[in-house]
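Read the structure below first, then the notes.
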Amino acid sequence: MTTAAAALIERPARASPPSGPGHRPLGLPAGLLRTARPRQWVKNVLVVAAPAAAGELASRHALTQLILVFLLFTAAASAVYLINDARDAEADRAHPVKCRRPVATGQVPVSVAYGVGGLLAILVPVAAALLCNPMTAVLLAAYVLMQLAYCVSLKHVLVVDLVVVTTGFLMRAMIGGVALSIPLSRWFLITAGFGALFMVSAKRYSEAVQMADKGGATRALLSEYTTGYLRFVWQLAAGVAVLGYCLWALESGGTANGSLLPWRQLSMIAFILAVLRYAVFADRGTAGAPEDVVLRDRALAVIGLVWVAMYALAVADL
């Protein structure tokens, strides 16, 4: 036996570090962060919608309040995700994709998910009442209660499930105006509400089309809808959203004082083009999450930026 071989035999084997999620120092915080769905936080940028529509983004107070509202809404949505995953842990373990969620894998204990989610659900409205105003707190509390009711039972009720998801988007679009005490235009509410319903129903329609040949559905309720009905919903919603926006754009009747061009009327072109472009993906059955649709289609992203520029010029009366 060589000296090197003898040394290897006599040297005790180094213990390998434990590989389970519970042994990793950052396992629990990382799991909680993953359960909070960071990818979904981009939806909360909608909190700037109402102040932007009213041209109230210039002051430092407005920007500070909007950052605060964004954080509060993110915390409220995270509370719902944590409680939802804790409640569905057993079912998620049997799902081919959801089994990787931190609560389902045990990285985040069910009791911890319930505890952190419940704590956030209580603290968010309290913080909103102290740092914003009572109506902001009421809107956030209503959002949390509505989403928890959706997780428990409303997601199994036809049509109501679409309304709840749509209302969640509408609340995001409203809360910035509520926090800054900005009156919400009827055209803004109509366009935002039916625009959200358009994207939500287009996503459900796409899921139904993709699962039609697989004998199943990612959502239990999808099998209760027909693709024809979901197509009708997203087409109706798109039409109402376009009508509401056009009525807002034509309300002034021409160029505003000092405006170089009728930006309101011109912005209709970009808005309608964006809806038509998005409808292409809806019709193909490939309209997934709205943020994914916009990011993967360069033409839609460019149209969206052009619309934002025209809308900003219209609001600013430039």
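The values are calculated or read from the model by the stated rules, or taken from the named source; none is laboratory data. Predicted model only: the values in this text are computed from it and were never measured. Neighbour counts run over all protein chains shown; Cβ positions are idealised from the backbone, glycine included. With ligands, DNA and RNA removed, areas are computed over all heavy atoms of the protein, side chains included. Shrake-Rupley method; radii C 1.70, N 1.55, O 1.52, S 1.80 Å.
Odds and ends about this structure:
Listed here are the residues, each with its yes/no results for (1) closer than 21 Å to Gln40 by Cα; (2) out of contact with any helix residue (DSSP H, G or I) (no Cβ under 9 Å at 6 or more places or on another chain); (3) among the hydroxyl-bearing types (Ser, Thr, Tyr).
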residue	(1), (2), (3)
Ala86	yes, no, no
Lys98	yes, no, no
Val108	yes, no, no
Val112	no, no, no
Leu123	yes, no, no
Asn133	no, no, no
Leu139	yes, no, no
Tyr143	yes, no, yes
Leu148	yes, no, no
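- Going through (1) out of contact with any Phe, Trp or Tyr (no Cβ under 6 Å at 6 or more places or on another chain); (2) farther than 30 Å from Asp92 by Cβ; (3) at pLDDT 90 or above; (4) open to solvent by less than 30 Å² (accessible area, probe 1.4 Å) one by one, Gly244 falls short only on (1).
- Breaking point among (1) aliphatic (A, V, I, L, M); (2) crowded, with 21+ Cβ neighbours inside 10 Å; (3) under 30 Å from Leu273 (Cβ atoms), for Leu140: (3)
- Residue that is farthest from the chain's Cα centre (by Cα), among those in region 268-281 that are over 15 Å from Phe194 (Cα atoms) and open to solvent by less than 80 Å² (accessible area, probe 1.4 Å): Met268
- Among the residues of region 71-97, those that are farther than 20 Å from Gly168 by Cβ and open to solvent by 20 Å² or more (accessible area, probe 1.4 Å) comprise Glu90, Ala91, Arg93, Ala94, His95, Pro96, Val97.
- Close Cβ contacts (under 8 Å, 6 or more residues apart or on different chains) running from residues in region 136-162 that are under 30 Å from Ile182 (Cβ atoms) and free of Cβ contacts under 8 Å to residues at least 40 places away in the same chain to residues that are of a type in the set (S, T, N, Q) and buried (at least 16 other Cβ atoms within 10 Å of the Cβ) comprise Met146/Thr167.
- Of the helices (runs of 4 or more DSSP H) lying entirely inside region 77-171, those containing at least 3 residues that are among the small types (Gly, Ala, Ser) and under 30 Å from Ser185 (Cβ atoms) span 110-131, 134-152.
- Test: residue in region 191-204 that is open to solvent by less than 30 Å² (accessible area, probe 1.4 Å) and free of Cβ contacts under 8 Å to residues at least 24 places away in the same chain: no
- Count of region 44-69 residues which are open to solvent by less than 60 Å² (accessible area, probe 1.4 Å) and of a type in the set (A, V, I, L, M, F, W, C): 11
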